[in-house]
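Just so it is clear, none of the values below were taken in a lab; they were calculated from the coordinates. What you see is a predicted model; the values in this text were computed from it and never measured. Note: ideal-geometry Cβ built from the backbone for every residue, glycine included; neighbour counts use all protein chains shown.
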Amino acid sequence: MKTPTVPVRPRTIITPGQFDTLYQALSGATARLMVETAIESGLRWGELSELRVRDLDLLTGILTVSRAVIEVNPKFHPDGGRFQVKDYPKDKEYRRLKLSVQIARKLRAHVTGHALGRDDLLFPIPAGRTGATAPTLASAPGGLGLTEPNDKGRQYRHGTLSGYAAGKCRCWHCKAAYAAYRARRRAAGKDDPRRSRSRDTDGHIPADWF
């Protein structure tokens, strides 16, 4: 059978300015180094999250990819945990790659500065980031524009309660405005308090954290 032709869409490549904006928004030097390592090496999430000091030759900058971690339902885990390490990457073949001098130098400083042992994860989940984080509201919602017209043809400003409720917009700014509103009500005792969900992790960074 001849299948329909599916055109190949061109990739959208961000500009250096856009990359710098994203890079500076990352939460600290470790997160920036992790992203730099991911970009240069092309590792998948499960491979990057399971990287340990022993996988990196600190003298030559050779990185060996020999394992990956997967996130599973605890009832399917042999020990009831959330993360399970596989002794092979996704393609079931070890691979070695040479990192650039500047990335290797940063990784050496990272290992030394954090006193990481040979079996320690290179990029464990940051302390205090296992649960939900407080939303950051836009400083000037008026500059975010208007939502799409709702079923009555009305539009509302992004980053407002009206945008979320009446405009039914689920963009990041509108959801953050609603989350902040609910947080204020809980803090004032107007809603039943609900604890933030704590992430069950053994140190591995979950896929959705990225």
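Give me the net charge for the shell around LEU144: Cβ to Cβ below 15 angstrom, other residues only, Lys and Arg +1, Asp and Glu -1.
+2
If I compute Cα extents along the principal axes in Å from the structure I just sent, which labelled value in [x] 43, 36, 31; [y] 62, 54, 42; [z] 48, 39, 37 lines up?
[y]
State the cysteines of the chain left without a partner when partners are defined as other cysteines whose beta carbon lies under 4.7 Å away.
CYS171
Between ALA29 and ARG170, what is the spin-label point distance in nm, taking each point 7 Å from the Cα along the Cα→C-beta axis?
Result: 4.0 nm between the two label points.
Which value, in debye to the nearest 20, describes the size of the charge dipole of the chain about its Cα centre when Lys and Arg Cβ atoms bear +1, Asp and Glu Cβ atoms bear -1, and nothing else is charged?
My answer is approximately 720 debye.
For ARG182 and LYS98 in the same chain, what is the full-extension length gain: residue separation times 0.36 nm, less their Cα-Cα distance, in nm?
Between ARG182 and LYS98, full extension yields an extra 25.4 nm.
Cα centroid distance between the stretch 83-111 and the stretch 146-162, in Å?
46 Å
With all pairs of different alpha carbon atoms counted, what Kirkwood hydrodynamic radius in Å does the stretch 16-124 show?
Across the stretch 16-124, the inverse of the average 1/r is 15.0 Å.
Please give the helix 101-113 orientation as an angle from the longest Cα principal axis of the chain, in degrees from 0 to 90, rounded to the nearest 10.
Tilt relative to the chain: about 90 degrees.
With unit charges on the beta carbons (Lys and Arg positive, Asp and Glu negative) and the dipole taken about the Cα centre of the chain, which residue among ALA179, VAL85, ALA25 sits farthest to the positive side?
Going by the charge dipole, the pick is ALA179.
Fewest to most neighbouring Cβ within 10 Å: what's the order for THR21, THR64?
Listing THR21, THR64 from fewest to most nearby Cβ atoms yields THR21, THR64.
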